1. Placing +1 at every Lys and Arg Cβ and -1 at every Asp and Glu Cβ, with all other atoms neutral, what dipole size does the chain have around its Cα centre, in debye to the nearest 20?
2. If each of residue 272 and residue 103 carries a label point 7 Å out from its Cα toward its Cβ, how far apart are those two points in nm?
3. On full extension of the chain, what length is gained from residue 128 through residue 192, given 0.36 nm per residue of separation minus the C-alpha to C-alpha distance?
4. Taking amide H positions as placed in the peptide plane 1.01 Å from N, state which residues far from residue 131 in sequence (5 or more) or on other chains have amide H under 5 Å from it.
5. Mind sorting 39, 190 by how few other Cβ atoms lie within 10 Å of their own Cβ, fewest first?
6. Could you check the simple spin-label distance between residue 240 and residue 43, using points 7 Å along Cα→Cβ, in nm with one decimal?
7. Lysine pairs in the chain with alpha-carbon atoms under 20 Å apart, 8 or more places apart or on different chains: how many are there?
8. As a test of the formula, what do you get for the chain when each DSSP H run with n ≥ 4 contributes -39,500 (n - 2.57) and the sum is divided by the residue count, at 222 nm and rounded to the nearest 500 deg cm²/dmol?
Amino acid sequence: MPTQLRLSPVQETLLLTLYARALDSRAPAPILGDTLASTVADRIAEDTGYDFAKLRLKRSLIASTALRARKLDDAIRQFIATHPHAVVVDLGCGLDTRLARCNPPVGVGWYNVDFPEVTELRERYSPDRSHLVAADVTEAGWVQSLPGDRPTMIVAEGLLPFLPGTSFQTMIRRLTSRLPTGELVLNGYTRFAAWAMKYHPSIKALGVDAAHGFDDPHEPERWNADLTLVAEQLLTRAPEVAAFPQPVRALTRLMAHSTAMSRQGTRVLHYRF
Ligand SMILES: C[S@@+](CC[C@H](N)C(=O)[O-])C[C@H]1O[C@@H](n2cnc3c(N)ncnc32)[C@H](O)[C@@H]1O
């Protein structure tokens with residue numbers, strides 16, 4: 001009897017990003033090369049009969065998901081290199097195998113946060129040494145479960161568009177008041193990109209319609225969360241685009257000429273607090 005996956009449409013988006021990384025790892029020239037993601041996706045498909053093909057993942061989404069993960073991993077690795085006793089908090093972690101990819105030293109504490117339905121799945125399909133925090137990140141109490149006395153790297157990949165209203169900024173404000181010092185990295189979505197997301201075939205297949213973003217990378221500096229922008233990386237201009245399959249590579253290079261167009265694509269935003 002196959003196990004049933006019981007996930008809401010927003011929770012199910014974690015299978016989309018997992019599968020994108022899995023497919024990247026099976027490509028002739030992977031950008032991220034996360035073979036563990038492929039193993040996890042295979043196990044879920046075998047166990048539950050989940051039809052990953054229904055997600056209709058396009059090559060552009062596979063390449064951009066792999067590239068943004070790589071850039072977010074790089075930011076974490078750099079932080080850990082200078083703070084060997086740091087804490088890493090992965091917000092809306094899904095089934096991401098980021099801890100295995102970053103392979104932090106034992107002194108680093110790693111907290112993976114997501115809904116209880118998702119942390120249960122992690123225990124089954126992607127166990128690792130991280131602390132699992134089963135919580136709705138828009139609620140207040142869970143931040144108390146994080147150590148409040150260590151430099152902390154907060155990562156939020158693919159989370160921003162799914163948090164309603166101003167709840168993303170409220171959550172970040174709670175985190176930066178609790179934590180002494182650190183950095184925040186996320187993949188940004190402009191308001192247009194977030195709105196347009198619901199027309200994307202993969203997102204449509206899941207029936208998700210929440211969509212939030214912001215245009216100005218300095219906007220979070222006005223959230224009263226003590227954030228300072230360190231960098232905005234426009235991934236259309238990343239050297240790894242050379243490994244994108246055609247015609248995605250040619251289109252991405254065309255977009256790279258315009259900052260406004262590039263901002264509508266994948267960008268990594270990096271703050272300090
Ligand atoms: C697109 S997936 C990204 C998952 C993971 N970061 C990755 O890159 O594979 C969005 C994730 O955000 C989580 N999420 C959305 N809203 C949340 C909330 N209010 N509290 C906790 N997790 C949430 C979902 O459950 C899902 O795992």
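Read-outs throughout are calculated quantities, based only on the coordinates presented, and are distinct from any laboratory measurement. What you see is a predicted model; the values in this text were computed from it and never measured. Cβ atoms come from the backbone with ideal geometry, glycine included; neighbour counts cover every protein chain shown.
1. 740
2. Inter-label distance under the simple model: 2.9 nm.
3. Length gained between residue 128 and residue 192: 19.4 nm.
4. Those lying under 5 Å, H to H, from residue 131 are 110, 111, 112.
5. Least to most surrounded, the residues fall as 39, 190.
6. 2.4
7. Taking the Cα cut-off of 20 Å, the pair count is 4.
8. Helix-only estimate at 222 nm: -12000 deg cm²/dmol.
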